[in-house]
Amino acid sequence: MPLFGRWRKKREPREPVPADDALVPLDVEQAARLRQLVRDDLGRRGLEGEVFADHVVTADHQLGLHNLAKTVAPEDAGAWSRLVGHHLDLMLEPAGEDEMSDEHLRRSVIVRLAQDAPELREIFPDVREVAPGLVLVLCIDYPERVATVAQSFYESRGGLARWWVIGLGNLRRQLETEHIDRYAMGEDSPMPRFDVLEGDSVYTASLAAVLPEVLALNGESDQGRGVLVAVPDRKRLVLRVVEGAETLPAIAEIAKVTQAAHSSSAGPLSPHVYLVDDEGWHQLTRIEEGTISIMLGRESVRAFDLDDRG
């Protein structure tokens with residue numbers, strides 16, 4: 001007879017479940033469950049929709065899942081179904097764009113930076129491509145949500161060009177109405193200097209579309225060589241005015257900060273660093289298996305005095 005009663009077979013410790021690539025706050029099993037709960041809830045509502053890795057598309061809506069993942073992550077699994085239902089109640093209620101007065105729409109339409117996707121281009125073919133994987137699109141800002149409505153809606157309300165101008169104007173106004181924290185990195189240390197701008201608004205990173213105004217707020221301007229820009233997620237913008245070869249080390253430091261923020265964010269945009277100049281956005285980094293490489297092309301010669309460095 002065993003000395004301490006019945007023997008129990010020891011269980012091998014379970015291997016940790018890897019994090020989900022698309023919905024960072026969750027592991028792959030939790031993310032799969034969340035997507036299934038969304039499918040089930042849509043079915044109960046009689047709605048047809050496709051659930052992708054990080055968003056949902058129905059006939060009338062495109063909804064991101066990042067905020068929902070962030071909401072359910074700290075909660076008990078038993079509460080998830082209720083939280084999903086409440087979230088979809090808010091997001092799927094009739095938006096009311098067609099009933100909006102022109103004055104209301106003028107106050108609500110805004111340009112935002114978004115990840116490119118075939119589903120987005122299907123409803124809004126004339127998105128403005130900023131860089132591979134990043135586009136500017138018009139949306140309507142509601143108190144509880146951001147709605148991306150079909151391009152045809154704006155065309156029927158006076159033309160798309162008109163609403164781009166208004167949307168950019170409302171984006172610029174974010175600089176006056178939203179509180180933005182500026183963190184000056186490297187000011188009192190040997191590390192390269194750059195600025196991180198953070199805000200509660202989901203349009204903070206979108207301010208990269210009005211870069212001269214953002215720089216002016218910091219008392220800076222493009223010196224003719226361009227600006228290093230990173231947009232790891234919707235609420236962060238990283239900047240450094242290029243001043244020649246001395247700016248080169250900042251690329252690697254910005255890339256580290258950007259990759260870390262992008263991988264842990266509930267609203268990721270891009271893990272890359274860009275040189276933004278008069279010709280557009282030029283990607284300066286590549287990430288393969290977690291390793292960051294810096295790519296300096298033709299556009300970098302003038303920016304960083306590469307021709308003078310041999």
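The values are calculated or read from the model by the stated rules, or taken from the named source; none is laboratory data. All values reported here derive from a predicted model rather than from experimental measurement. Glycine also receives a Cβ, built like all others from the backbone with ideal geometry; neighbour counts cover every protein chain displayed. When the accessible area is computed, the model is the full protein with side chains, heavy atoms only, and any ligands, DNA or RNA have been set aside. Shrake-Rupley method; radii C 1.70, N 1.55, O 1.52, S 1.80 Å.
Take the Cα of residue 82, step 7 Å toward its Cβ, do the same at residue 155, and the gap between the two points is 4.5 nm. When the residues 254, 287 are ordered by accessible surface, computed with a 1.4 Å probe over the protein chains alone, the sequence from largest down reads 287, 254. Estimated at 0.36 nm per residue, the fully extended path between residue 260 and residue 306 surpasses their Cα-Cα distance by 13.7 nm.
Rolling a 1.4 Å probe over the protein heavy atoms leaves residue 183 with an accessible area of roughly 100 Å².
Annotation: extensible slack from residue 294 through residue 52 equals 84.0 nm (criterion: 0.36 nm per residue apart, minus Cα-Cα distance).
What area, in nm² and to one decimal, does the C-alpha convex hull of the range 172-310 cast on average over all directions? Please report the intermediate quantities before stating the final value.
On the way: hull surface 34.5 nm².
Averaged projected hull area, Cα only: 8.6 nm².
Using the Cβ-Cβ distance between residue 103 and residue 182 with R0 set to 30 Å, the FRET efficiency works out to roughly 0.35.
Each peptide in 269-275, 189-195, 63-69, 83-89 was scored by the mean count of other Cβ atoms within 10 Å over its residues; highest first, the order is 269-275, 63-69, 83-89, 189-195. If you look at the Cα atoms of the chain, you get an Rg and a Dmax of 22.8, 88 Å.
A simple spin-label model places pseudo-atoms 7 Å from Cα toward Cβ; at residue 44 and residue 245 they are separated by 6.5 nm. Only helices enter the 222 nm calculation for the chain: every DSSP H run of n ≥ 4 contributes -39,500 (n - 2.57), and dividing by all residues gives -9500 deg cm²/dmol, rounded to 500.
Of the residues 24, 301, ranked by 1.4 Å probe accessible area with the largest first, the sequence reads 301, 24. Summed over the residues of the range 180-304 and divided among them, the accessible surface reaches 44 Å² per residue at a probe radius of 1.4 Å.
As a test of reading the structure, rank 70, 235 by solvent-accessible area (1.4 Å probe, protein chains only), most first. Please report the intermediate quantities before stating the final value.
Values: 70 125, 235 85 Å².
Highest to lowest solvent-accessible surface, that is 70, 235.
With contacts taken as Cα pairs under 8 Å at a separation of at least 6 residues, the range 199-310 carries a relative contact order of 25 percent.
Two-decimal Rg/Rh of the range 28-92 from alpha-carbon positions, Kirkwood Rh?
Working: Rg = 10.8 Å, Rh = 11.7 Å.
Result: Rg/Rh = 0.92.
For the range 97-177, the relative contact order is 34 percent, taking Cα pairs closer than 8 Å that sit 6 or more residues apart in sequence and dividing their mean separation by the residue count.
Computed over the range 8-154, the P(r) tail beyond 22 angstrom holds 48 percent of alpha carbon pairs.
Please report, ordered by residue number, every helix of the chain (full DSSP H runs) that is 20 Å or longer along its axis going by C-alpha atoms and whose mean Kyte-Doolittle hydropathy reaches 0.5. Each step should come with its number before you reach the end.
On the way: long enough: 28-44 (24 Å, -0.74); 160-177 (25 Å, -0.09); 248-263 (24 Å, 0.55).
Sorted by number, the helices that extend far enough and score high enough are 248-263.
Distance between the 7 Å Cα→Cβ label points at residue 213 and residue 19: 3.3 nm.
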